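After the structure tokens below, expect a handful of questions from me.
The values are calculated or read from the model by the stated rules, or taken from the named source; none is laboratory data. Here the structure is a predicted model, which means the values were calculated and not measured. Every residue, glycine among them, receives a Cβ derived from its backbone with ideal geometry; neighbour counts consider all protein chains shown.
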Amino acid sequence: MKISVTDDGSGIALKFARAIGARVAGRFIYIPENKGAGYITGFSWGTDLRMMIRNYYLKEDVEVERTNELSEGQEDVIFMLGGIFPSLAQSAEQLLPEQANVLICKHAVSAVMAMPSHTKFSSVTIAVSKRYLNQLFGHIQHPVVASVLEARDNLVLETGISAGIIGTAGQMLDTELPEALEDQYYRLKCEELLCQVFAILMQREQVAPGVMHIDDIRAIYAIRNQLQARPDEPPNIAALAREAGMSEPKLRKLFKQTFGKGVFEYYQSARMVEAARLLREKHLSVSEVGYRLGFTNLSHFSRVFEQHIGAKPKKYSTG
């Protein structure tokens, strides 16, 4: 299903709800049973700050194409925090987890939202004006923070999820408040999530920002997807650069600028995340996981796993 909506600064949740026949009750939009399960909710604090919470899955693929009609002079920066809530309770469906990460981009870059079927969306999306973002964090002297606050066209940064983000998100789901306090409480939590994101950015190694065109963004994400899809194949930088139509130095620079890690470092990290999933969710043995991910030496696999996950694979699988 393809849905086209226009965002004039008031958000797209209600327009999405109408397109799929969802039930609206107060600030909640409930996914109809024939389309999936779960809900969307959110808040808007004028044109400076908006937040949407997604906690649902869909039974068919949906693509939302958004046309932006923001007020003149309004420059929003989008923070998409994915995979930060626990699983939906009592779901009979076999659901894939949403990728756990933080994506930071300009409003225009996030114009298309792909929602694959039978994927558990457990995310918070925050739209904040460039003006307000600078008001909150403009005092921080850090080059990566400065690049976000400057928010050039086609800004794209991606980073991992921290324990602090998961903790704040859990509080947002579990806390029951009188309706009169909800608006203030969720605004504080929204800004707390932004603080958690900026805390991660302040730990990030600075890469001198290069200009990224939309084709560069697509190429870099195609490489990222390939690394994730082939965890048993070490990346060949020369081949990846040829496929992307860019030089090896440019590939290395833009990849690290976007993801905060070099190509091989990102590959190894994604590989260990997949190893952890296979151990915990699929209950495979350590040797099965190691060989599936291309390791011929299980002692080496164990050392690499411990470096990234913080525990040896055997202990992690039984913990």
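State whether the residues of the range 162-170 include one that is surrounded by 15 or more Cβ atoms within 10 Å (Cβ to Cβ), not in a helix (DSSP H, G or I) and not assigned by TED's automatic domain parsing to the domain that holds K253.
yes
So that you can scan it fast, the table gives a plain yes or no per residue for (1) over 17 Å from the mean Cα position of the chain (by Cα); (2) touching a residue at least 24 places away in the same chain (Cβ under 8 Å):
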residue	(1), (2)
A219	yes, yes
R224	no, yes
P231	yes, yes
A238	yes, no
S247	yes, no
Q268	yes, yes
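Kindly provide the set of residues from the range 147-175 that are within 13 Å of the chain's Cα centre (by Cα) and under 12 Å from K106 (Cα atoms), ordered by number.
V156, L157
To continue, here is another question. For a quick check of your reading: which strands (runs of 3 or more DSSP E) sit entirely within the range 35-98 and have at least 3 residues that are of a type outside the set (S, T, N, Q), at pLDDT 75 or above and buried (at least 17 other Cβ atoms within 10 Å of the Cβ)?
36-45, 49-58, 76-82
Pairs needed: first member in the range 128-141, among the aromatic types (F, W, Y); second member anywhere, crowded, with 19+ Cβ neighbours inside 10 Å and in a strand (DSSP E or B); C-beta distance under 7 Å; at least 6 residues apart or different chains.
Y132/L49
From the list H308, H283, exactly one residue is surrounded by fewer than 19 Cβ atoms within 10 Å (Cβ to Cβ) and either outside any helix (DSSP H, G or I) or not assigned by TED's automatic domain parsing to the domain that holds R224 (or both). Which is it?
So the residue among H308, H283 that is surrounded by fewer than 19 Cβ atoms within 10 Å (Cβ to Cβ) and either outside any helix (DSSP H, G or I) or not assigned by TED's automatic domain parsing to the domain that holds R224 (or both) is H283.
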